[in-house]
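Take a look at the structure set out below.
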């Protein structure tokens, strides 16, 4: 299963009752939830932007992106700063999650290919389904979670906010 993470290490996080994972090589850092500046005329899942050491970083509510209810902020709510490849360039994005669980090692024997659910459901952003202690972990291909248009909008949000600062 060579499509799976080169390192085999993933960062797991929760959205509702579901556990998701990202290849650790895509994760730059995890932040406690901070105030997000809303940017007008963006989709609901685009929460806005945060100031990360002088850089403007767009933040996305992963629950809304996946068709779940809006994230209710708690003491465990966090922003996972990820690097995404877009047309050969690296974009930095904040992914809002209910909580971060742990960094874990998953080898190829613990990972199955993404489910085939017909052509109507888009599962191309799922890299695989991990299994741990009887539970499934949905391993995301973060480069494919967002469309090119959504990422371009997120980059524009950051660039526009940079000018306003």
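Since every read-out is calculated from the coordinates, none of them should be taken as a lab result. These figures come from a predicted structure and were not determined experimentally. A quick note on method: Cβ atoms are made from the backbone with ideal geometry, for glycine too, and the neighbour counts reach across all protein chains shown.
Please verify whether residue 31 is under 15 Å from the mean Cα position of the chain (by Cα), assigned to a strand (DSSP E or B) and surrounded by fewer than 18 Cβ atoms within 10 Å (Cβ to Cβ), treating the condition exactly as stated. Yes: the conditions hold for residue 31.
Residue by residue, here is whether (1) over 21 Å from residue 14 (Cβ atoms); (2) in contact with a helix residue (DSSP H, G or I) (Cβ under 9 Å, 6 or more places away or on another chain) holds:
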site: 33; (1), (2): no, no
site: 60; (1), (2): no, yes
site: 67; (1), (2): no, no
site: 71; (1), (2): no, yes
site: 81; (1), (2): no, no
site: 86; (1), (2): yes, yes
site: 103; (1), (2): no, yes
site: 123; (1), (2): no, no
site: 138; (1), (2): no, no
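Residue count for the stretch 10-28, restricted to those that are part of a strand (DSSP E or B) and free of Cβ contacts under 8 Å to residues at least 40 places away in the same chain: 0.
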